[in-house]
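Reading through the structure tokens given below for one structure.
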Amino acid sequence: MMATERYDVAVIGGGQAGLAIGYFLKRQGRQFVIFDAAASIGAAWRARWDSLVLFTPRRYDSLPGLPFPGDRDGYPTRDEVVAYLENYAETFKLPVELGSKVRSITKDDETFLVDIDGRTVEARQVVVATGSFETPRVPDFAGELAPEVFQTHSQGYRAPSDVPEGSVLVVGGGNTGYQIAGELSATHDVSLAVGGRQKPLPQKVFGRDLFWWLVTTRLFKANIDSRLGKKLSRRDTLIGSSPKVLKQHGVKMKPRVTGGSGRTVTFADGSDLTVDAVIWATGFGLDHSWIKLPIFDGDGETRHRRGVTDIPGLYFLGLPWQHTRGSALLGWVQDDAEYIAERLALGGRHDEQHASVMPRAIATGTPA
């Protein structure tokens, strides 16, 4: 099918990353479009549970050009974030085209061909800003549990009232697993299965929010290529949560889940548990198979360096540890967005070489 639409830049994904790069493209006066498969802006946030509250204060939750409203030292709710993103797109009149799922990206000479359900759009450059929360990960043995066992990924969890009475197992040791287990503990018999070691961190240190310290000490500037960044990227951290606090609320801690059958889930220490419900807070995977270009290594991993791929004009944005710990967080994605916008302004030329591998599967967490 012949392309009838042509743009300087096509952005795939209209979440916080797509909106942030849109801000810079607007300032550059580029002709661009932002495609998003969802029916509304902020879809990743709308899919989170009802009581979600960010662990980053509002002063650190802004996208470029528009402060996050409200008490700067307070913590916004899920619905506040959705409202902010909607207002952001409207404030800067960003050309977001909703309900437009990109099926493939190919390239013809110097032009990218973006297929949207049989409709082809041409673009000189493409930014893949689909973010971290693409494909929920659930272990294969979940299918071996009995039909009467209620199961949902954390993406489908909304409130304790949706979970049947009885024994509930939350699987996943990230902030999401801890927060959901803590909320459920008020109404259910809850166990939390944690597969690895996490470093619990308090929300406040000496009266200051943790993120004030991280910013002030420049720990948040440690990039993935530094020794500190490599170390931090391999460690899960818990902010404002800990096994001790959950135990005080009656949550029973379990080791890594190794299997399941019927109504029984087994653990790495040989123990088992009869369950009525399982919440899989097991994170998300990245699926870029729809990008029909040679950007993958022999293991099928996507290669990039700070979002710059080996294909001139093709970029990624909003990935966890794309450059720093903040690369996928609401208030810090603008740093990478500005960097990618500068690369775009060079007309597809880039000076990045020896692209690093981008993992397809990522840990669970809140899209903060």
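The values are calculated or read from the model by the stated rules, or taken from the named source; none is laboratory data. None of these values were measured; they are calculated from a predicted model. Positions of Cβ are generated from backbone atoms using ideal geometry, with glycine treated the same way; all protein chains shown enter the neighbour counts.
For every residue, the table says whether it meets (1) surrounded by fewer than 19 Cβ atoms within 10 Å (Cβ to Cβ); (2) within 16 Å of VAL102 (Cα to Cα); (3) in contact with a strand residue (DSSP E or B) (Cβ under 9 Å, 6 or more places away or on another chain).
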site	(1), (2), (3)
GLY18	no, yes, yes
TYR23	no, no, yes
ILE34	no, yes, yes
SER40	yes, yes, no
ALA47	yes, no, no
VAL53	yes, no, yes
PRO76	no, no, yes
ASP79	yes, no, no
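Select from the range 31-78 the residues that are part of a strand (DSSP E or B), touching a residue at least 60 places away in the same chain (Cβ under 8 Å) and of a type in the set (A, V, I, L, M) and list them in ascending order. Once the filter is applied, which keeps residues that are part of a strand (DSSP E or B), touching a residue at least 60 places away in the same chain (Cβ under 8 Å) and of a type in the set (A, V, I, L, M), the range 31-78 yields VAL33, ILE34, LEU63. Note on the range 161-182: residues that are part of a helix (DSSP H, G or I) and within 22 Å of PHE133 (Cβ to Cβ) total 9. Evaluated against (1) more than 19 Å from GLY326 (Cβ to Cβ); (2) of a type in the set (A, V, I, L, M); (3) surrounded by fewer than 19 Cβ atoms within 10 Å (Cβ to Cβ), LEU66 falls short on exactly one condition, (1). Summed over the range 162-185, residues that are modelled with pLDDT of 95 or more, touching a Ser or Thr at 6+ places or on another chain (Cβ under 8 Å) and among the hydroxyl-bearing types (Ser, Thr, Tyr) total 1. Only one entry of TYR88, TYR84 meets the criterion of being in contact with a helix residue (DSSP H, G or I) (Cβ under 9 Å, 6 or more places away or on another chain), surrounded by 19 or more Cβ atoms within 10 Å (Cβ to Cβ), of a type in the set (Ser, Thr, Tyr) and assigned by TED's automatic domain parsing to the domain that holds ARG27, and that entry is TYR88. Would you call ARG256 touching a Gly at 6+ places or on another chain (Cβ under 7 Å) and either surrounded by 14 or more Cβ atoms within 10 Å (Cβ to Cβ) or in contact (Cβ under 8 Å) with a residue 60 or more places away in the chain (or both)? Against the criterion (touching a Gly at 6+ places or on another chain (Cβ under 7 Å) and either surrounded by 14 or more Cβ atoms within 10 Å (Cβ to Cβ) or in contact (Cβ under 8 Å) with a residue 60 or more places away in the chain (or both)), ARG256 qualifies.
Looking only at residues of the range 115-135 that are within 15 Å of GLY283 (Cα to Cα) and buried (at least 18 other Cβ atoms within 10 Å of the Cβ), we find that the one that is modelled with the highest pLDDT is GLY131. A single member of ALA83, ALA129, ALA123, ALA89 is of a type in the set (Gly, Ala, Ser) and under 17 Å from LYS292 (Cβ atoms), and it is ALA123.
Residues of the range 213-224 that are under 28 Å from ILE180 (Cβ atoms) and surrounded by fewer than 17 Cβ atoms within 10 Å (Cβ to Cβ): TRP213, LEU219. Here SER104, SER40 are screened, and the one residue that is under 30 Å from VAL163 (Cα atoms), among the small types (Gly, Ala, Ser), in contact with a Lys or Arg (Cβ under 8 Å, 6 or more places away or on another chain) and not assigned by TED's automatic domain parsing to the domain that holds TYR178 is SER40.
Criterion applied to ALA222, ALA277 was being at pLDDT below 90 and either touching a Leu at 6+ places or on another chain (Cβ under 9 Å) or β-branched (Val, Ile, Thr) (or both), and the one residue passing it is ALA222. The single condition from (1) crowded, with 18+ Cβ neighbours inside 10 Å; (2) not in a strand (DSSP E or B) that VAL190 fails is (2).
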